[in-house]
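The values are calculated or read from the model by the stated rules, or taken from the named source; none is laboratory data. Note that the coordinates shown come from a computational prediction; the quantities given were computed from them, not determined experimentally. Using ideal geometry, Cβ is built from the backbone for each residue, glycine included, and neighbour counts are taken over all protein chains shown.
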Amino acid sequence: MKSSILVFPGTNRERDVAHALVRAGSAEPAYVWHHDTSLPPSDLIVVPGGFAHGDYLRCGAMAARSPIMPAVIEAAAKGVPILGICNGFQVLCESGLLPGALMRNAALKFVCRDVTLEVATSDSPFTHSLAKGHRMTVPVAHHDGNYFADPETLKALEDGDRVAFRYVDNPNGSINDIAGILSENRRVLGMMPHPENATDPKIGRIDGQGLFTAIATALEGAAA
Amino acid sequence: MTIANTAITPEIVAEHGLTPDEYDRVLDIMGREPTLTELGIFSVMWSEHCSYKSSRVWLKKFPTERPWVIQGPGENAGVIDIGDGLAAIFKIESHNHPSFIEPYQGAATGVGGILRDVFTMGARPIANLNALRFGAPDHPKTKHLVSGVVAGIGGYGNCVGVPTVAGETEFDPAYNGNILVNAMTVGLARADRIFYAKAAGIGNPVVYVGAKTGRDGIHGATMASAEFNEDSEEKRPTVQVGDPFTEKLLIEACLELMAEDAIVAIQDMGAAGLTSSSVEMSDKGGTGIDLDLDKVPVREEGMTAYEIMLSESQERMLMVLKPEATEKARAIMEKWELDYAEIGFVTDTGRLRLSKDGEIKADIPVQPLVSQSPVYDRPYLPTPPRAVLAPEETTAPGDLMQALVRLMGGPNLSSRRWIWEQYDHLIMGDTAIRPGGDASVVRVRDTDKALALSVDCTPRYCYADPVQGGRQAVAECWRNITATGAQPLAMTDNLNFGNPERPEIMGQFAGCVVGMAEACDVLDFPVIGGNVSLYNETAGQAILPTPVVGGVGVLDDIEKRVPIAYGAEGLTLIEIGANTGWLGSSRYLRDIEGEDKGAPPPVDLALERKTGDAVRGLIADGLIEACHDISDGGVLVAVTEMALASRIGADIAPDAALPLHAWAFGEDQARYVVATNAPDTVIERLAALDIPATSLGKTGGTTLTVGSGMTISLDSVAEAHEGFFPTLMGE
């Protein structure tokens, strides 16, 4: 599996997700600088967490207009799987690859804690090996993770089985307890929690590994 | 060019915080009247903050050397060898006054400053810690200060992507008018790739990188702005404003540049900005430096030499580069969208020469500026000893378990979750023991090693008996690291005290330093850097003496760590160390009985050493499932904290030889509670070393039971414990 990880000024979880991918069997991922205009051959594109451009203006808004983004949007149109985590989810929403928006947490404070997620659909390259209803404990770490979409969009997400994960104990006020959503073609996933920080038995958190293993097997299967 | 001249009046000298004697010394060194810019430079370099003039004679007492110390005090941060060719680099620093004036920015820039001290030396920062002290919870400013400081620390640390993994927070009316915000950063580097601040290579370029220079923070401490300015608007000191986004870029850019063979010397621009960085680099290298201030990137037009030199704008670095590396360095800074400017060069004159607008604005001999800075051996009055308080002389609570709930739900022993959930403590994915235990444990990436990190101080002990309090601060930090199974290696200190010109305050300072030095020596826990913050008082009311200790230990196998949570039913809880029911200066007396009396518990350092080494050995041999040091609140609070962390109850028996409350809440030192599956082996091994060990009881159930019949549900303790902060903050 060849993965590319986008790096904006202010991105700060790129190494975390690289480690998770390598643990799942990926080759060493390529870091792609925001000023680049093309991507190396990629089976997976990751938009990692952080504070791209300082989250000044609006989370993800400037990053979504980076020189690299047209190449990402083009890859998405070709069906290359794209995973956006936390700030990456915000970037994907701002770039139009995913619907809705992430608002300030309902409690108005940054929150870093373990949350329990429930897999809401197995129908995606990211969740195909996770049973619907499967629960996993992974951390969140964000100030703006309160997912919102207008009723029409929300209906489309729910009717289309495009909610990937829901919070069991909603930490930020997200509508319908939504923690992660899929694009219409189910090949773009945006999620606020950080499965990449729960992939290491020696640290004592491993529940996030399933997602990366699922991606690796899906992509290897596709390549074979 | 000519020397620019402004008449220096005694008023201007006084406004710069220099005494007439100190100014005479300036005249001696200069051989003429200084320019205003020169006076400003002397003023900041000789300020208490930069020169340590009141503390230096005492700081020499600290043991600073051990075989594993690579760099002790005197650089941006201290460096220790942690094996496998790796080094841990760390330091603690205060940002007390700015945080009181503007809590968010004050605390945020405190974090930014200490991060720079660490990555300046070539380290990637991997953990932040903080030690916070606020006034009484019901003081009108407290809530605002707590909310701002916590948001500021989080806002900065979260954005730069360094986990905030540990800390301590205390409330006491002594901090009503002067809170304490001490921030610590720990970084990792290759032991053979450490960067220092020693300028070298005559003619080498001096390069400025990072953010632009503005008028923020100019001379904030000493200058009353209006009196001597031609343009008072322009010289108004303001609180510095932090930009963690720029800091993040600066970290990545510096680390990228450090991977090249480009840097001769590097120093961050912290307190006293461009002044202290250029002076320190040339002093350490025995060189001179010429700077053309017209080349300094500025944020505002019309800045004077004085303002440029004294600005404390954040997120800036000064470097001496190899001449052939400048284009590479420029390219890296441009990639990260940071300013890069060659503003001068290293000379052999031994002088700091500053030019601007075609004039020489300052021309100071560097060596005398540094080495002839004033040093005061200030008179001190030792704190009179307090009488030892027998357990029988204290008031027992009507109901032990209710007293326990009040302590666990009180300002000082309640859960700090409200704070640390606002800090990203998991980024980097290496946090193995999170905030809320003894020390936090962070893995060293790509190895099986981990660092154990803790910050500690018990100011009420330091107030009652500075020597014992100083010892205890070091011992508690060392114990917290030990309780995870790690070997404590070195510490950094943040000495927060009142006005050193008052002999009783100087007596507190001297006593604490003596006690700390003794403890460092016996525990082989050297001081490798630190910070002194004096004049922490408002309207003659000094803070409690607060010498905060930030310690680092190493665990060779991260899987051998133990938490405070015991995680299973049916384990035996053992109290290690002797419990004499020492209630003098205890948390119980202060928070439950409202009394501040009695000598604090004495710290027998040899016993600390022996007990801690034994506990660490038991952990290394896999005999211990959980371990917690006994400190504030005594053995019952320690067991309760373990039970809360485990969400499993416990049933323990008191020592019938002691008054119940003294057994429960006494604060004798050199003690731990461990949970084990092998109680006989543990007790035998400790008996062989003459270390007292008492079986307290067993883990299990959903209640906490003491003796026969004193029972409380763990849920009700948890509710009180978790409730304090949200209630205080009005949530």
Would you please name the residue that is farthest from the other protein chains (Cβ to nearest Cβ), looking only at residues in segment A:103-123 that are part of a loop (DSSP other than H, G, I, E, B) and touching a Phe, Trp or Tyr at 6+ places or on another chain (Cβ under 8 Å)?
A:A120
Of the residues in segment B:607-661, those that are closer than 21 Å to B:G700 by Cβ and in a strand (DSSP E or B) come to B:A626, B:C627, B:H628, B:A650, B:D651, B:I652
Residues of segment A:185-211 satisfying the condition of being part of a loop (DSSP other than H, G, I, E, B) and either within 18 Å of A:G88 (Cα to Cα) or touching a Lys or Arg at 6+ places or on another chain (Cβ under 6 Å) (or both)
A:R186, A:R187, A:M192, A:P193, A:H194, A:A198, A:T199, A:G208
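Go through segment A:195-206 and count every residue that is out of contact with any Phe, Trp or Tyr (no Cβ under 8 Å at 6 or more places or on another chain) and either within 7 Å of chain B (Cβ to nearest Cβ) or not small (G, A, S) (or both). Spell out how you get there, then give the answer.
To start, the set of residues in segment A:195-206 that are out of contact with any Phe, Trp or Tyr (no Cβ under 8 Å at 6 or more places or on another chain) comprises A:197-198, A:200-206.
Retained after the next criterion (residues that are either within 7 Å of chain B (Cβ to nearest Cβ) or not small (G, A, S) (or both)): A:197, A:200-206.
Counting residues in segment A:195-206 that are out of contact with any Phe, Trp or Tyr (no Cβ under 8 Å at 6 or more places or on another chain) and either within 7 Å of chain B (Cβ to nearest Cβ) or not small (G, A, S) (or both) gives 8.
Of all residues in segment B:323-344, which are touching a residue at least 12 places away in the same chain (Cβ under 8 Å) and out of contact with any helix residue (DSSP H, G or I) (no Cβ under 9 Å at 6 or more places or on another chain)?
Pass one, segment B:323-344, residues touching a residue at least 12 places away in the same chain (Cβ under 8 Å): B:323, B:325-326, B:328-329, B:332-333, B:335-344.
Scanning segment B:323-344 gives B:P323, B:T326.
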So which of B:L318, B:L389 ends up being buried (at least 17 other Cβ atoms within 10 Å of the Cβ), touching a strand residue (DSSP E or B) at 6+ places or on another chain (Cβ under 8 Å) and at pLDDT 95 or above?
B:L318
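Return the only residue of B:F725, B:F665 being in contact with a Leu (Cβ under 9 Å, 6 or more places away or on another chain) and not polar (S, T, N, Q). Full working, then the answer.
Numbers: B:F725 fails: in contact with a Leu (Cβ under 9 Å, 6 or more places away or on another chain).
After ruling out the rest, the residue left standing is B:F665.
Do we have B:E559 as surrounded by fewer than 24 Cβ atoms within 10 Å (Cβ to Cβ) and either small (G, A, S) or away from chain A (no Cβ under 14 Å) (or both) here?
Working: surrounded by fewer than 24 Cβ atoms within 10 Å (Cβ to Cβ): yes; either small (G, A, S) or away from chain A (no Cβ under 14 Å) (or both): no.
So B:E559 does not fit the description; no.
Mind listing whichever residues of segment A:207-224 are more than 17 Å from A:R13 (Cα to Cα) and either buried (at least 24 other Cβ atoms within 10 Å of the Cβ) or within 14 Å of chain B (Cβ to nearest Cβ) (or both)? Spell out how you get there, then give the answer.
Looking only at segment A:207-224, we keep the residues that are more than 17 Å from A:R13 (Cα to Cα), and these are A:207, A:210, A:213-224.
Scanning segment A:207-224 gives A:D207, A:I215.
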Are there any pairs with C-beta distances below 9 angstrom linking a residue in segment A:149-167 that is surrounded by fewer than 17 Cβ atoms within 10 Å (Cβ to Cβ) to a residue that is in a strand (DSSP E or B), with the two at least 6 apart or on different chains, and if so which?
A:G160/A:L182; A:D161/A:L182
Under 13 Å from the mean Cα position of the chain (by Cα), closer than 30 Å to B:V146 by Cα and within 14 Å of another protein chain (Cβ to nearest Cβ): does that describe A:C86?
yes
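So which of B:P163, B:P103, B:P125, B:P63 is farther than 21 Å from A:G54 by Cβ and in contact with a helix residue (DSSP H, G or I) (Cβ under 8 Å, 6 or more places away or on another chain)? Break it down stepwise before answering.
Values: B:P163 fails: farther than 21 Å from A:G54 by Cβ; B:P103 fails: farther than 21 Å from A:G54 by Cβ; B:P125 fails: farther than 21 Å from A:G54 by Cβ.
Residue meeting the stated conditions: B:P63.
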Where in segment A:125-184 are there strands (runs of 3 or more DSSP E), lying wholly inside it, with at least 2 residues that are under 26 Å from A:D200 (Cα atoms), of a type in the set (G, A, S) and more than 14 Å from chain B (Cβ to nearest Cβ)?
A:178-182
Tell me which of these B:I266 doesn't satisfy, since it passes every other one: (1) surrounded by 24 or more Cβ atoms within 10 Å (Cβ to Cβ); (2) aliphatic (A, V, I, L, M); (3) more than 29 Å from A:F8 (Cβ to Cβ).
(3)
Cross-chain or 6+ apart pairs with Cβ under 8 Å, segment B:421-438 first and more than 7 Å from chain A (Cβ to nearest Cβ), then surrounded by fewer than 23 Cβ atoms within 10 Å (Cβ to Cβ) and of a type in the set (S, T, N, Q):
B:G436/B:S415
By residue number, the members of segment A:14-48 that are in contact (Cβ under 8 Å) with a residue 12 or more places away in the chain, of a type in the set (V, I, T) and within 19 Å of B:R445 (Cα to Cα) are A:V17
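Residue by residue, here is whether (1) within 14 Å of chain B (Cβ to nearest Cβ); (2) touching a Gly at 6+ places or on another chain (Cβ under 8 Å); (3) buried (at least 20 other Cβ atoms within 10 Å of the Cβ) holds:
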site	(1), (2), (3)
A:K2	no, no, no
A:Y31	yes, no, no
A:D36	yes, no, no
A:L44	no, no, yes
A:G49	yes, yes, yes
Which numbered condition in (1) in contact with a Gly (Cβ under 6 Å, 6 or more places away or on another chain); (2) among the hydroxyl-bearing types (S, T, Y); (3) without any contact (Cβ under 8 Å) to a residue 60 or more places away in the chain is the only one that A:T11 fails?
(3)
Which residues, taken from segment B:598-621, are over 28 Å from the mean Cα position of the chain (by Cα) and either basic (K, R) or within 14 Å of B:A578 (Cα to Cα) (or both)?
none
If you go through segment B:110-142, how many residues are among the charged types (D, E, K, R) and within 14 Å of chain A (Cβ to nearest Cβ)?
1
Of the conditions (1) over 14 Å from A:S4 (Cα atoms); (2) crowded, with 21+ Cβ neighbours inside 10 Å; (3) acidic (D, E), A:D16 clears all except one; give me its number.
(1)
Out of A:G54, A:G79, sole residue that is away from chain B (no Cβ under 13 Å) and either in contact with a His (Cβ under 9 Å, 6 or more places away or on another chain) or of a type in the set (G, A, S) (or both):
A:G79
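Restricting to helices (runs of 4 or more DSSP H) lying wholly in segment B:1-66: which have 1 or more residues that are basic (K, R) and under 30 Å from B:I528 (Cβ atoms)?
Values: elements: B:10-15, B:20-30, B:36-45, B:48-51, B:56-59.
Because the criterion is at least 1 residues that are basic (K, R) and under 30 Å from B:I528 (Cβ atoms), the helices (runs of 4 or more DSSP H) in segment B:1-66 that meet it are B:56-59.
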Scan segment B:662-712 residue by residue and report those that are free of Cβ contacts under 8 Å to residues at least 24 places away in the same chain and outside any loop (DSSP other than H, G, I, E, B).
B:D680, B:E684, B:A687, B:A688
Only residues that are in contact with a Pro (Cβ under 6 Å, 6 or more places away or on another chain) and either farther than 23 Å from B:V554 by Cα or surrounded by 24 or more Cβ atoms within 10 Å (Cβ to Cβ) (or both): list them for segment B:517-536, please.
B:C520, B:F525, B:G529, B:L534
